[in-house]
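Here's the structure, in structure tokens; my notes come after.
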Amino acid sequence: MKLIRYETSPVYNPSTSYTSLRDEMDRLFDVAFPTLSLFQRDGILGDWQGEFPLDLYQEKDAFIVRAELPGFRKEDIQVEVTDGTLTITGYQKTERKSDQKEKEAQTTTQERRVSRSVALPEHLKLDKIQAAYENGVLTVTLPKREEVKPKQIAIEVK
Amino acid sequence: MNDLLTPKESRVSAPAVPRRTLTPCYDVKETSEAFILTAQVPGVDRSSLELTVDALKLTVLGRRVFTAPAEWRALHREIPQADYRLSLELDHRFNPEAVRAELSQGVLTLTLPKAEAVKPRRIDIKG
């Protein structure tokens, strides 16, 4: 019997619930939330830096996770699965040159990292996991292992 | 910001735009030659991006191309079920003929060159 993780949703976050507040904001403002706040904006969106939305689907043979991560390079996105938990990490380094004359131009380098984890409730074929990144959306397909058949264990009563 | 003042507009269904629309996160930078607009539009590809420019207005309409297959059951959903719409007013500073657009991994970069008259011009001082 597998120990069941005591969570209401398979997707958990270190910070407060991403969905509900974001949905409310969407309704009020009809504005999409930024991923990684490319633009150094603080204020109402300040808390949401470092978050990205993701969808989790299930079909007969696999789990599918879709995460919106616009503007990354493939090599800067890391997908890891350990012990039934999928972790998606995106890393971005931006260099900004101030628009001044050559001598005085300053280069600002910013590094940012976003990461989210998803608990996957069933056994997976770890070696058959696939990930694709297209149009700024990362799709991870995690095939399920066939269900382990119950074994009969003979118990001797002494 | 225009869209904030008329939120109902984006919800009215018109034949061409069936889903509600969101304003994408965007930023505008200015250089001496042009204005550069960067917008985050994940899920949009070249075929579903519509860009309309005229002398007064720039409209970007991007549709998310993905639809989940029927046999997929959604366990958790955060990605908005909406398309992107960005509408900006232009003025004499822009040259609408020379707009360039690039779309890469869900980030749209629009380069709006400034009209000649507004580019900074050095004036030589004689004397």
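Under 5 Å between amide hydrogens, built in the peptide plane, is the criterion, and for A:His123 it picks out A:Arg145 among residues at least 5 positions away or on other chains.
Fewest-first ordering of A:Asp61, A:Asp127, B:Asp54 by other beta carbons within 10 Å of each residue's beta carbon gives A:Asp127, B:Asp54, A:Asp61. Proximity of backbone amide H atoms, modeled 1.01 Å from N, is registered between A:Glu134 and A:Thr139 at under 5 Å, excluding neighbours fewer than 5 places apart on the same chain.
Of all DSSP bridge pairs formed entirely within chain B, close to 95 percent run antiparallel. Between B:Ser48 and A:Arg73, the FRET efficiency estimated from the beta carbon spacing at R0 = 22 angstrom works out to 0.45. For the pair A:Gln130 and B:Glu89, a Förster radius of 45 Å applied to the C-beta separation gives a FRET efficiency near 0.50, rounded to the nearest 0.05.
Computed from label points 7 Å out along Cα-Cβ, the spacing between B:Ala68 and B:Arg100 is 4.0 nm. Determine the shape class of chain B: with a ≥ b ≥ c the square roots of the Cα gyration tensor eigenvalues, call it rounded for a/c under 1.5, and otherwise prolate if a/b is greater than b/c, oblate otherwise. Prolate, since a/c reaches 1.5 and a/b exceeds b/c. Inter-chain Cβ neighbour count for A:135-141, averaged per residue, equals 6 (cutoff 10 Å, partner chain atoms only).
At 0.36 nm per residue, and after removing the present C-alpha to C-alpha distance, how many nm does the segment from A:Thr94 to A:Arg113 gain when stretched out fully?
Details: separation 19, 0.36 × 19 = 6.84 nm, distance 1.16 nm.
Result for the pair: 5.7 nm of gain on full extension.
Values in this text are rule-based calculations from the coordinates and carry no lab data. Predicted model, so just to flag it, every value in this text is computed and none were measured. Cβ atoms come from the backbone with ideal geometry, glycine included; neighbour counts cover every protein chain shown.
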